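*Asks:* Before I ask anything, here is the structure I am working with.
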Amino acid sequence: MRSLFRISFVLVIALSTVSCMDKSKPNYRFMADTDMYQSVAYETYGEYEIFENGQQAKLPAPGSIPRGWKPYEYEDTNEGRAAAKAELTNPLPYTEENLNQGKRVYTIYCAVCHGDKGDGQGILVQREKILGIPSYDDVGRAITEGSVYHVIYYGLNAMGSYAHQTTEEERWQITHYVMSLKDELEGNPERPFETGDQIQGGTANGGTTADASNNAR
Ligand code: HEC
């Protein structure tokens, strides 16, 4: 009899607890109003006195660079261009794939002025919208891999920079293609594509394909 009483007592308690629970409302909180429930967070672009300039969004530390982005060492000056022209070489192997990718991007960005053949006779020149586009075999300019890359990166006078439209890898692919157009204009024999073994060697010496393709835009 006593145990029956006990069981029914427990049942009543349990039932009343369950029946009072309203799932549509937040339950009771223990330790309410502590930082453990509601952290003291600042709005990303909020103004707060405790920060320098009252600004919660901080600038990156001086000298920091985005992940995957490699700084380009040469400056946008005549000396920088001369140095790039003399020293800088293409880290990408001369493969059919790199050349084709270069052609693809060249056709999008460069051909309107420089022409499909690189002879300076793009559609804008034919329609007399722009003047003074050099041919890639211009003897006075004697372009090199380094100078081509530099000019794509910074632009030159009337030619704008293509650094924002292209990745580092694409710029080097375009450079391969521009140099192949130059060879064609000069009537030089076609440059043979590099094979697997040569690519391995090239990778160890210079920058690597993998490095370049890691680069963000
Ligand atoms: C709006 C037209 C235009 C477009 C598009 C353009 N260029 Fe040029 N490019 C020029 C002009 C103009 C010059 C001559 C600049 C000068 O010497 O003052 C030039 C010069 C060059 C030179 C010679 C630089 C030197 O060292 O003398 C190269 C190489 C070159 N461009 C490559 C490219 C490549 C690669 C692209 C595409 C990514 C491109 N250009 C897109 C107008 C253009």
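*Asks:* Using only the alpha-carbon atoms, what does the stretch 78-213 span along each of its principal axes? Please give whole angstrom values in decreasing order.
*Replies:* In descending order, the Cα extents are 47, 31, 27 Å.
*Asks:* Another question about this same structure. At q = 0.25 Å⁻¹, what log₁₀ I(q)/I(0) does a Debye calculation on the Cα points of the stretch 124-200 give, no solvent, two decimals?
*Replies:* With no solvent term, the Cα-only Debye profile gives -1.29.
*Asks:* Name the lysines eligible as straight-distance cross-link partners of residue 129: C-alpha to C-alpha under 26 Å, and not fewer than 8 places from it in the same chain.
*Replies:* Reachable lysines: 103, 117, 182.
*Asks:* Can you list the HN-Hα couplings for the stretch 107-121, worked out from phi with the Karplus curve (6.51, -1.76, 1.60; θ = phi - 60°), rounded to whole Hz and with x for Gly and Pro?
*Replies:* Result, ordered by residue: 5, 6, 9, 9, 4, 4, 9, 7, x, 4, 8, x, 8, x, 10 Hz.
*Asks:* With a cut-off of at most 11 other beta carbons within 10 Å, and DSSP calling the residue loop, which GluC sites (Glu not before Pro) in the stretch 39-105 qualify? Please list them.
*Replies:* Of the GluC sites (Glu not before Pro), the ones in loops of the stretch 39-105 whose Cβ has at most 11 other Cβ atoms within 10 Å are 43, 49, 73.
*Asks:* Apply the Karplus parameterisation 6.51 cos²θ - 1.76 cosθ + 1.60, with θ equal to phi minus 60°, to every residue of the stretch 53-68 and state each ³J(HN,Hα) to the nearest whole Hz, in sequence, with x for glycine and proline.
*Replies:* My calculation for the stretch 53-68 gives 6, x, 10, 7, 6, 8, 7, x, 4, x, x, 7, 10, x, 4, x Hz in order.
*Asks:* Amide H neighbours of residue 156 under 5 Å, at least 5 residues apart or on other chains, H built in the peptide plane: list them.
*Replies:* none
*Asks:* Mark the label point 7 Å from the Cα of residue 111 along Cα→Cβ and return the residues of the stretch 137-179 whose backbone N is within less than 15 Å of it.
*Replies:* Output list for this probe position: 174, 177-178.
Read-outs: derived from the displayed coordinates by stated rules, not from any lab. As the structure is a computational prediction, the values presented were derived from the model and not from experiment. Quick reminder, even Gly has a Cβ in these numbers, built from the backbone with ideal geometry, and neighbours come from all protein chains shown.
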